[in-house]
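These notes concern the structure reproduced below.
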Amino acid sequence: MELRQLRGFVAVAGTGSVNGAATALGLAPASVSEQIRRLEGTLQVKLFDRTPQGMRLTEQGAILLSHAQELLDHAEQVRLAVTGTRRRVRVGALESLVATRLPAVVRKLSHLDVDVRALPRRELLAEVAGGGLDAALLLDSGTRIGGLGFDPPADLDFLDVGEVSLIMVAAPESEEDTLLTTPPGCSIRMAVDRIFPVDVPRRELTSISTAREWSRQGLGRSLLPDFAVEADLASGGLVPLGFDAPALALRLVWLRSRESSLRDVLYALSG
């Protein structure tokens, strides 16, 4: 078995598709398919069932998956010991969290070589499941991953490392009642859709920053995360409307099979 074949196998198992694995690994789908074909040929077993819903592990594939990431992590430890280089950790987050919350994370991991990536939630989860990221920071709610209203990949674990308050804001003395929202799929939009009935007048905008600015201009009210409006609340550019909204969880997620090799990193990130 070759390490690159094992990486391709883990990525396909995590994302559920060759295309998803190729995206996570930065390879062409044909290259990933060839890695799987060669690995199955070497082991003389079928690792995946190809179904219309995606790639599903066979019994033999599930057995290999329980050991494959451990082999890859051990190989990385050997490489670091031989070369004397610092361990590289790949952490992803939503764009808004990269700007506001990840600087503190990077400081905690100053003894490591930290690679930070900003991605939408769907891509974040696929990268973690496929091995392209060691961990990801996102917004969620409830007692399971996806409680906010999205479907996560299988075999992920999580730890809530903080809370993000949602604050209803508007310009001082504004009487415009239109609810300014972010696009479908955005964590804040999911929270808005869970809180407000569909008949509440609303206008869909392109981003959190756009909704904040339109609110500043008196064009409506917005339910926004605390980190997006702190400066405007302090300056008086926006005022809170006293709306009581449930907070969102700042959630760290990782692949369950990698927990033992990432324990020191996860401990630092959760502190």
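FYI, it's all coordinate maths here, none of it is from the lab. Just so you know, these numbers come straight off a predicted model, no measurement behind them. Here the Cβ positions follow ideal geometry from the backbone for every residue, glycine too, while neighbour counts run over all protein chains shown.
Quick look at the numbers
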read-out	value
Whether region 9-155 is rounded, prolate or oblate, judged on the alpha carbon gyration tensor where a/c under 1.5 counts as rounded	oblate
Value of Rg to Rh for region 119-187 (Rh from inverse mean 1/r over Cα pairs, i.e. Kirkwood)	1.08
Likely footprinting exposure, 243, 150, fewest C-beta neighbours within 10 Å first	243, 150
Under 5 Å, built H, 5+ apart or other chain: amide partners of residue 89	113, 114, 115
For the chain, built as a Gaussian network whose Cα springs stay under 10 Å, the top-fluctuating residue of 44, 77, 69	44
Lys/Arg +1, Asp/Glu -1 at C-beta; the chain dipole; positive extreme among 64, 167, 17	64
For the chain, alpha-carbon Rg and Dmax in angstrom	21.5, 72
Table column - 3J(HN,Hα) (Hz), region 60-74, Karplus curve with 6.51, -1.76, 1.60, x for Gly and Pro	5, x, 5, 5, 5, 4, 5, 10, 4, 5, 4, 5, 5, 5, 5
Packing-based exposure ordering (other Cβ within 10 Å, fewest first) of 203, 87	203, 87
Candidates per GluC sites (Glu not before Pro) in region 1-105, loop by DSSP, up to 11 other Cβ within 10 Å	2
Two-decimal Rg to Rh for region 166-246 - Kirkwood Rh, Cα set	0.92
Unit charges on C-beta of K, R, D, E only; dipole of the chain, Debye	920 debye
Residues whose placed amide H lies under 5 Å from that of residue 156, excluding near-sequence neighbours	256
Candidates 32, 78, 161, ranked by Gaussian network fluctuation over the chain, Cα under 10 Å, top entry	78
Fluctuation leader among 104, 13, 93 - the chain, Gaussian network, Cα springs under 10 angstrom	104
Charged-residue dipole, Cβ positions (Lys, Arg, Asp, Glu), region 3-83 about Cα centre, Debye nearest 20	220 debye
Dimensions in Å of region 3-83 - Rg and Dmax from alpha carbons	12.7, 44
Fewest-first ranking of 15, 51, 23, using other Cβ atoms within 10 Å as the exposure measure	51, 23, 15
Integer Hz, Karplus 6.51/-1.76/1.60 couplings in order for region 43-53, x for Gly and Pro	7, 6, 9, 8, 9, 9, 9, 8, 10, x, 8
